[in-house]
1. As an exercise, use a Förster radius of 41 Å and the Cβ-Cβ distance of residue B:80 and residue A:64 to find the FRET efficiency, rounded to the nearest 0.05.
2. Restricting things to alpha carbons, find the Rg to Rh ratio for the range B:173-217 using the Kirkwood radius for Rh.
3. Mind pulling the angle between the C-alpha long axis of helix B:67-76 and the longest principal axis of chain B? Nearest 10 degrees, somewhere in 0 to 90.
4. Taking 0.36 nm per intervening residue step and subtracting the Cα-Cα distance, what contour gain separates residue B:8 from residue B:270 on full extension?
5. Using only the Cα atoms of the range A:72-120, build the gyration tensor, take square roots of its eigenvalues as a ≥ b ≥ c, and label the shape rounded, prolate or oblate: rounded if a/c is under 1.5, else prolate if a/b is larger than b/c, else oblate.
6. Assuming R0 = 22 Å, what is the FRET efficiency of residue B:183 and residue B:151, from their Cβ-Cβ distance, to the nearest 0.05?
7. Per the Kirkwood definition applied to all pairs of different Cα atoms, how many angstroms is the hydrodynamic radius of the protein assembly as shown?
8. Within 10 Å of each Cβ of B:60-68, how many other protein chain Cβ atoms are there on average?
């Protein structure tokens, strides 16, 4: 029998080689360490400090290592609240598509904190930014989400923003959205794709699949 | 006065719910589960004081706390465990995973395997039996089996190692005879050697401070646990499991669970027997 039982289940690795203390100041220093592993642990531990949101968001913008980014986002989601949303929203303008997607997923996990900012995001001058806001809505657990998406298809002049909202409504729309969906193709009469995607969304809302 | 019309779930409602539940949990209900799903859905519609599927479904999708979805997940998933459950992952362990792990082990270095939640012990003891019976190199390495659960009652039951007929029903009879003693009341007592081979500990996967100490694992079996968590807890758990693994270590989830839906931290590895996840080296 070579299965052995240890009284210490927690492994043989050295437990701690700390260069910084595990208080807020020490962790903020560690968040800028050269070693990604140290930055990752600092990010995870900073979840305990609600006023660390700004520093975590700043670090997130520069960070290139996936495990560190994920740790930062996990802590930001735990901290939650307005400072986190305000720190994450500008990152939707990043050129880094992976970071944008990670930020969209994080915002989706903060429905109450993000909701006061949705109308402002949907009114942004940059159509791409509005589309990312619509992507947030498509999987946001908030009762207003279908109404916000409906508002997009009634008001937004950008066809890609409207198409993204139609996609979202196909997932989370209710029958109240059907008149707006029915009217939408008239606004983009030159584009047969819009006719197709609104019909698909209506069928899904009505429960006919596809 | 007319009697109230009993609630019923239409075919379209079932489809709609099935799609939604799949997107949220990765669990897909076949048509033959229709009665099972309908009954539990109706129970939750009534328990939440809703009068129709439609009202309940709107509440379910937009409730910010996610508590009702969690309730629903709890009753839609059957929380059962038995010896050799989802055996293909144990086969993958002995045929593929361990052979890869030992290529980067020094001879004196132990292989560490973690089972959580261990519940009443069926999974870690299955691992012990599988290693002893089916991994040809078992005598060449020291293997540590750690089994953890949040529930101390379950841990005590696991340490005792006494099981009913249902728990051992999937064990080949020769292995049942070899590792268990049949008792007069129809239950089975696992033998002392196996009981001594597993270290049972109490943990809370959501407690970062406690979990910080759990490190250096080569393989983690964490099956059918994450489906019970909400999105944030699932994400924290994934971080914790990542921290617990050695670089290149593997994690096995339940067949309806997907790490890729939670985090990009792990690589997907396709072995002949199973798809499992790996911490990058």
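Every read-out reported here was derived from the displayed coordinates using simple, explicitly stated rules and does not represent laboratory data. Everything numeric here is computed off the predicted structure, so don't read it as measured data. Counting neighbours? That spans all protein chains shown, and the Cβs are built from the backbone with ideal geometry, glycine included.
1. According to the calculation, E is roughly 0.40.
2. Taking Rh as the inverse mean 1/r over Cα pairs, Rg/Rh reads 1.22.
3. Approximately 70 degrees, to the nearest 10.
4. 90.1 nm
5. Cα axes put the range A:72-120 in the oblate bin.
6. 0.35
7. Value: 25.1 Å, from the Cα pair sum.
8. 4
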